Amino acid sequence: MYFKKTENASEGKDRLVLLISTIIGYFAVFTLKKADVINSYIGAIVLIFLYMYLDFNITNIFFTSKRTTFKIYIFMVLEIMHFFMMAFTLKNIFVYFVGLGILTYLITIDEGKVELKKIYQFVGLYTLIKVIFVLTWIVF
């Protein structure tokens, strides 16, 4: 994983532990919701917040630039609004990937082509987390 240059190994491990605990928490809340232990509305709100927190942690692990992280946060909020306000169609999936391509281009401009491998790893992980989020909402 990529960490800040001033960061020591224990802080990097702490970030990974936080990321893994967020993922475990997400699926624990999902399981509790499917078992009808918690209310549907509370479960939905908690899952959305855990998803946003997970994206926030992934962004902070990969990038340190405030410009880059701000762009990713704006994209994250727009994608959540897009996901809940639009129908789940191929057109909307295409719009999402076009937006992700634009975000990748903007990050490449900010970070430079030297960091291209790191950017592609981030986009791949970000897309994987989004696919898992969408699949859990389909089952939800």
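The values are calculated or read from the model by the stated rules, or taken from the named source; none is laboratory data. These numbers come from a predicted model, not from an experiment. Note that each Cβ is placed from the backbone with ideal geometry, even for glycine, and that neighbours are counted across all protein chains shown. Just the protein is used for accessible areas: all its heavy atoms, side chains included, with ligands, DNA and RNA removed. Shrake-Rupley method; radii C 1.70, N 1.55, O 1.52, S 1.80 Å.
Summarise the accessible area of the chain (1.4 Å probe, protein heavy atoms) by the percent that is carbon and sulfur.
On the way: 6300 of 8660 Å².
Carbon and sulfur together cover 73 percent of it.
Roughly how many debye, to the nearest 20, is the charge dipole of the chain about its Cα centre, given +1 on each Lys and Arg Cβ, -1 on each Asp and Glu Cβ, and no other charges?
Working: 14 positive and 9 negative charges, 44 e Å.
Using only the charged Cβ atoms, the result is roughly 220 debye.
Would you mind working out the accessible area per residue for the chain, using a 1.4 Å probe, and quoting it in Å²? If you can, show how the numbers build up before the last one.
Values: 8660 Å² over 140 residues.
Computed with neighbouring chains in place, this is 62 Å² per residue.
Over the chain, with a Gaussian network built from C-alpha contacts below 10 Å, which listed residue (T68, T89, T22) shows the highest mean-square fluctuation?
Between T68, T89, T22, it is T89 that shows the largest mean-square fluctuation.
I need the shape label for region 80-122. Rule: rounded when a/c is under 1.5, else prolate if a/b > b/c, else oblate, with a, b, c from the alpha carbon gyration tensor.
Details: a/c = 3.22, a/b = 2.97, b/c = 1.09.
Prolate is the answer for region 80-122, as a/c is 1.5 or above and a/b outweighs b/c.
Please identify, among F30, F62, F84, the residue showing maximal mean-square fluctuation in a Gaussian network model of the chain using a 10 angstrom Cα cutoff.
Largest GNM mean-square fluctuation: F84.
Could you state, as a whole-number percent, how many of the C-alpha pairs of the chain are farther apart than 26 Å? Intermediate results must be reported in sequence, preceding the final value.
On the way: 2731 of 9730 pairs.
That tail contains 28 percent of the Cα-Cα pairs.
Compute the signed sum of charges (Lys and Arg +1, Asp and Glu -1) over the other residues within less than 9 Å, Cβ to Cβ, of Y96.
Values: positive: K130; negative: E79.
Around Y96, the surrounding residues sum to 0.
So for the chain, averaging the separation of alpha carbon pairs under 8 Å that are six or more residues apart and normalising by length, what relative contact order in percent results? Working shown, then result.
Numbers: 70 pairs, mean separation 37.4, N = 140.
Result for the chain is 27 percent.
Under a Cβ-Cβ cut-off of 12 Å, what is the net charge of the residues other than T68 that fall near it, where Lys and Arg count +1 and Asp and Glu count -1? Walk me through the numbers before you get to the answer.
Numbers: positive: K66, R67, K71, K118; negative: D110, E111, E115.
Net charge in that neighbourhood comes out at +1.
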